[in-house]
Amino acid sequence: MLDILTITFPIFAAIGLGYAAVKYRVFAQSEMRTLGKYVLNVALPALLFSAVGRRDLSEVLNFSYMTVFLFGGLATIALTYTILWVQGVGPARRGIGAMGASSPNSGYVGYPVMLLLFPDQAGVILALNFVIENFFIIPICLVLLELSRKEEHASVGRMLGNLFLSVIKRPMVLGLLGGFALMLSGIELPSGADRLLDMLAASASALALFVIGGSLVGLPMRGNTGLAAQIMVGKLILHPAMVFAAAMLVPLLGLPTLGADMQTAVILSAAMPMFGIYTVLAQEYGHEGVASIALLGATFGAFFTLSALLAIL
């Protein structure tokens, strides 16, 4: 148990420190947003560029891992959406529920966890998760949400095109694509540039956790607590369960079985709380209250579920 706490305690202590820093006005919310922009637009893109650019293509394109993470996420979306539909929940809330249950926070929470567990592979794991989340899982959920609008909306083709363009413009995607370009070119960066990337990447982990904690202060806590609880359970229990099931089925597709470390990594990645802008996206559809309750509950509940998974895995 002590070994598990040495992994989970620093992660959630850093989140708690960020929460306390804003709660007791050591930092203002606006300052947290500035720090968050640095993590999102500088530190994590540098990390992805470095992690991908320094490796061979065979190390980065782990199709078994990506298939497991994709199928587990799709199954979670389908099950969550169906369960909420059977309960008579409206289409927008079904979309919010599916997104919350299937979209983990791989950058701000997942990467620091992987850095403690698998320091040599943490950057690659982040890159693999990032591809699946940003090109498949999140766009599918956004399409479900857009289709729930009562007013006229653009065609699905135009909607997907706009989503693709918005994804491609993100700094983390640009960092990832730049890393692939560097890898394929075979060019080695000067030692000074390498050290700069290392410095920027090293700043990502602790600062990301600190920002996540601070962002939880002041979330609107009015909403459907029953639905929020279901979303939280979907994120912390259903999603990793679906990914585990997908890992067991991968050999049936003719793909290599995941190694022990990567199987642990993909299950734990799915067990992370939902991504930080979940409440911002939910706000566009008038459901920021339920999203905030689910996010806060999942973030603190993950301490217990991740500890349990680490004990099992």
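Summary of values
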{"read-out": "Hits in the stretch 56-72 (condition: surrounded by fewer than 17 Cβ atoms within 10 Å (Cβ to Cβ), over 30 Å from I96 (Cα atoms) and touching a residue at least 40 places away in the same chain (Cβ under 8 Å))", "value": "D56, L57, E59"}
{"read-out": "Residue in the stretch 73-90 that is under 27 Å from L306 (Cβ atoms), free of Cβ contacts under 8 Å to residues at least 60 places away in the same chain and hydrophobic (A, V, I, L, M, F, W, C) present", "value": "yes"}
{"read-out": "Unmet criterion (only one of (1) buried (at least 20 other Cβ atoms within 10 Å of the Cβ); (2) over 14 Å from the mean Cα position of the chain (by Cα); (3) at pLDDT 90 or above; (4) part of a helix (DSSP H, G or I)) for L281", "value": "(3)"}
{"read-out": "Among the candidates L17, L35, residue that is within 29 Å of R195 (Cβ to Cβ), in a helix (DSSP H, G or I) and more than 20 Å from the chain's Cα centre (by Cα)", "value": "L17"}
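Residue-wise test of (1) farther than 30 Å from G18 by Cβ; (2) buried (at least 16 other Cβ atoms within 10 Å of the Cβ).
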position	(1), (2)
V211	no, yes
G214	no, yes
G218	no, no
R222	no, no
G226	no, no
H239	no, yes
M248	yes, no
M262	no, yes
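The values are calculated or read from the model by the stated rules, or taken from the named source; none is laboratory data. Everything quoted here is computed from the prediction, not taken from an experiment. Cβ: placed from backbone, ideal geometry, glycine included. Neighbour counts: every protein chain shown.
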